[in-house]
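S.K.: Structure incoming, see below.
Nothing in this text is a laboratory measurement; each read-out follows from the coordinates by a stated rule. What you see is a predicted model, and the numbers here were worked out from it, not measured in a lab. Cβ: placed from backbone, ideal geometry, glycine included. Neighbour counts: every protein chain shown.
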Amino acid sequence: MTALLEVRGLVKRFLGVTAVDEVDLAVEPGELVSLIGPNGSGKTTLFNCVTGYLAADGGRVLFRGRDLSNAPPHRVARLGVARTFQQVSVFPRLSALENLLVFLQQLQEEHLLARLVRTKRVRRLEAEAVERARRLLGLVGLSAKADDAAGSLSYGQRKLLAFAGALMPDPELLLLDEPAAAVNPTMINQMKDHILALHREGKTVVLVEHNMDVVMDISQRVVVLDHGQKIAEGPPEAIRQDPRVIEAYFGR
Amino acid sequence: MRRAGWLGLGVIVVAAPWLVAAAVPRQQRYVLHVLIFTALFAALALSYDLVVGHVGSLSLAHPAFFGVGAYAAAILATRAGWPFLAGLPAAALAAAGVAALVGVPLFRLTEHAFAVGTLGLALVASVVANNWVEVTRGPLCITGIPKPTLGPLAVTTLPAFYWLALAALVAVGVLYRGLTTFRLGRAFHAVRDNEPLAGAAGIDPLKYRMLAFTIAAALAGGIGALYVHYLSVMCPEEMTVALTVNLLVIVFLGGVGSLRGVLVGAVLFTALPEVLRLAPTWRLVIYGGLLLLVIVRSPEGIESLLRRVTGARAGR
């Protein structure tokens, strides 16, 4: 079986600091993989290199065998890779519903003139998008907030909205950057359930997460980064006992 | 009820030349002139708001595009004898061409640097207009630009030109509305609100910024053409930074990103200084005071004030 996402020898340097150092990573279709490591170990940088937000200094990123190394974010997104951001990220002046619509419309069509004159086809696609957006708002419990500006929602609600946005285009690969950070325990459980539900649907998920309970609970495989290098990889039980991982987190 | 209100307003606006003739027969020409200016400024401000209000890039280059269109139309009409209906699209294209050319490097700059870069473009355009005497006649101005003709129809009277300007404003308004709502508007607003996230949603931010910038420039160029055919003269002073200041006042005090706000702003801040001529000594003081009042009382512009009023009424 070929990997859905393959990262080969990825290198990213910031002013002489090597944030990602020759990292290899392969994610099989349908897998739920977690990326962990102490602060500054290069997890988010790796995400940013994969999704086109940062240009890597070396190595390659392949998605379904296609080279993503020089693709800008919007192209990566259109190929079916969705991501969320660590800093909660929404379009504050758009309504919650519109926040979700943005994520589907560009993948459905991008015909400027058809949009301007609102052809029948575009209106039909829009109606489909609205229907899907309402369903996802329901899924994350934000139906009542559909018409509220996203900027007026609470932190947790915005986090859920951003998560629902990533789901809008029904992506093949989801990269979630700390979905359980800075939210209350109820919501952490909610997030866990959402991610597991995606996994059951057969989606491929890569998770960056600090909350070890979440990671150990739901991941099939855990990859550990430290100082930009991959120091361990394996099933959660093995990672929990790996001396290198314990050392990276707690010191010698 | 609301529909009736809008219909009434429309009738008044369209019938304005007759109403003016009936109400102030002695000042008819002057009042119509102010109304024509108001319509042209409103259209120009709407085009400007496409960039400032909807993709959130503070461009200060609008006078350059207005000027390129104005000069293109003026030169084509006086030297090449082009009819108005050929000069108008040519002027729009010329301005859009300049925008497309400078847009890509300018949008590499972010926020304040972008504003300064576009200000540079406006200044350069103004210097060129003043000094490229062979083409623009510099401070001597291009004179004798003929009145516009629409096929067999010659727009020679003030009321006729008022209706032409009004038609242009309606056209710009309809286009503005189409561009800033539904899927296009949503894409523009996504880029404005959160550029990195827009990328994750599959939107190419540069593409949408360029789209708004180029369309706005084309509209400004077309309005420039109308403007010179109305005044029959084009001078470099018409495209100075003072024009940017006027546009900024209209858009930001009217209501950035809002059709109604920009229109109200244009009416208020184009017509008001003229009305205040009744008190010539205090004219600029009153004008400045009103600007301050709006900014202090309603920093988001008159539009937010209007929304509060109508919202409060609907709530009751």
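S.K.: Give the average over all directions of the projected area of the C-alpha convex hull of the protein assembly as shown, one decimal, in nm².
M.R.: 32.5 nm²
S.K.: Please label the shape of region B:3-67 as rounded, prolate or oblate, based on the square roots a ≥ b ≥ c of the eigenvalues of the alpha-carbon gyration tensor (a/c under 1.5 means rounded; beyond that, a/b larger than b/c means prolate, else oblate).
M.R.: Details: a/c = 5.15, a/b = 1.76, b/c = 2.93.
It comes out oblate by the Cα gyration axes.
S.K.: For helix A:120-139, report the angle its Cα long axis makes with the longest principal axis of the Cα atoms of chain A; keep it between 0 and 90° and round to the nearest 10°.
M.R.: The two axes meet at around 50 degrees.
S.K.: Please average, across the residues of B:188-199, the number of beta carbons from any other chain that are within 10 Å of each residue's own beta carbon, and give a whole number.
M.R.: The shielding value for this peptide is 6.
S.K.: Please give the contour-minus-distance gain from B:Thr181 to B:Ala22: 0.36 nm per residue of separation, less the Cα-Cα distance, rounded to one decimal in nm.
M.R.: 53.3 nm
S.K.: A follow-up question, please. For A:Gly59, list long-range residues whose amide hydrogen, built 1.01 Å from N in the peptide plane, is under 5 Å from its own amide hydrogen.
M.R.: Correct list: A:Val11.
S.K.: Next question. Label A:Asp193 and A:Ala144 with points 7 Å out from Cα along Cα→Cβ: what is the distance between them in nm?
M.R.: It is 1.7 nm.
S.K.: Looking at the protein assembly as shown, which Cys residues are left with no other cysteine's beta carbon under 4.7 Å from theirs?
M.R.: Taking the Cβ cut-off of 4.7 Å, the unpaired cysteines of the protein assembly as shown are A:Cys49.
S.K.: Compute the relative contact order of chain B as a whole-number percentage, counting only Cα pairs closer than 8 Å that sit 6 or more residues apart in sequence.
M.R.: Over chain B, the number comes to 30 percent.
S.K.: On to the next question. At a Förster radius of 56 Å, what calculated FRET efficiency corresponds to the Cβ-Cβ distance of B:Tyr287 and A:Ala114, to the nearest 0.05?
M.R.: Approximately 0.80, to the nearest 0.05.
S.K.: What is the antiparallel percent of DSSP beta bridges lying wholly in the protein assembly as shown, to the nearest 5?
M.R.: Details: 24 of 40 bridges.
Among the beta bridges of the protein assembly as shown, antiparallel pairing accounts for roughly 60 percent.
S.K.: So how tilted is helix A:185-200 from the main axis of chain A? Cα-based, degrees 0 to 90, rounded to 10.
M.R.: Between helix and principal axis, roughly 90 degrees.
S.K.: Then there is this: Calculate, in nm to one decimal, what B:Leu278 and B:Arg260 gain on full extension: separation in residues at 0.36 nm each, minus their alpha carbon distance.
M.R.: On the way: separation 18, 0.36 × 18 = 6.48 nm, distance 2.75 nm.
Separation in residues times 0.36 nm, less the Cα-Cα distance, equals 3.7 nm.
S.K.: I want to make sure I understand the PRE zone here: with the label point 7 angstrom from the Cα of B:Ala15 toward its beta carbon, which residues in region B:159-183 have backbone N atoms less than 17 Å away?
M.R.: B:163
S.K.: Just order B:291-303, A:99-111, B:60-72 by mean Cβ neighbour count inside 10 Å, highest at the front, would you?
M.R.: B:60-72, A:99-111, B:291-303
S.K.: How much of the pair distance distribution for region B:90-131 lies past 13 Å, counting alpha-carbon pairs only, in percent?
M.R.: For region B:90-131, the fraction of Cα-Cα distances above 13 Å is 59 percent.
S.K.: Same structure again: In whole Hz, with x marking every Gly and Pro, tabulate ³J(HN,Hα) for region A:91-100 from phi via Karplus 6.51 cos²θ - 1.76 cosθ + 1.60, θ = phi - 60°.
M.R.: Working through the residues one at a time gives 8, x, 8, 8, 5, 4, 4, 5, 3, 6 Hz.
S.K.: Then there is this: I need the phi-derived Karplus couplings for region A:45-50: 6.51 cos²θ - 1.76 cosθ + 1.60, θ = phi - 60°, integer Hz, Gly and Pro marked x.
M.R.: 4, 4, 4, 5, 5, 5
S.K.: Moving to a separate point now. Once the convex hull of the alpha carbons of region A:65-129 is built, what does its volume come to per residue, in cubic angstrom?
M.R.: 129 Å³
S.K.: Mind giving me the FRET efficiency for A:Ala26 and B:Thr143? R0 is 56 Å, r the Cβ-Cβ distance, nearest 0.05 is fine.
M.R.: So the FRET efficiency works out to roughly 0.15.
S.K.: How large is ³J(HN,Hα), in whole Hz, for each residue of region B:232-244 in order, when computed from phi with the Karplus curve 6.51 cos²θ - 1.76 cosθ + 1.60 and θ = phi - 60°, using x for Gly and Pro?
M.R.: These are the phi-based 3J(HN,Hα) values: 6, 8, 10, 10, x, 5, 6, 10, 8, 5, 4, 5, 4 Hz.
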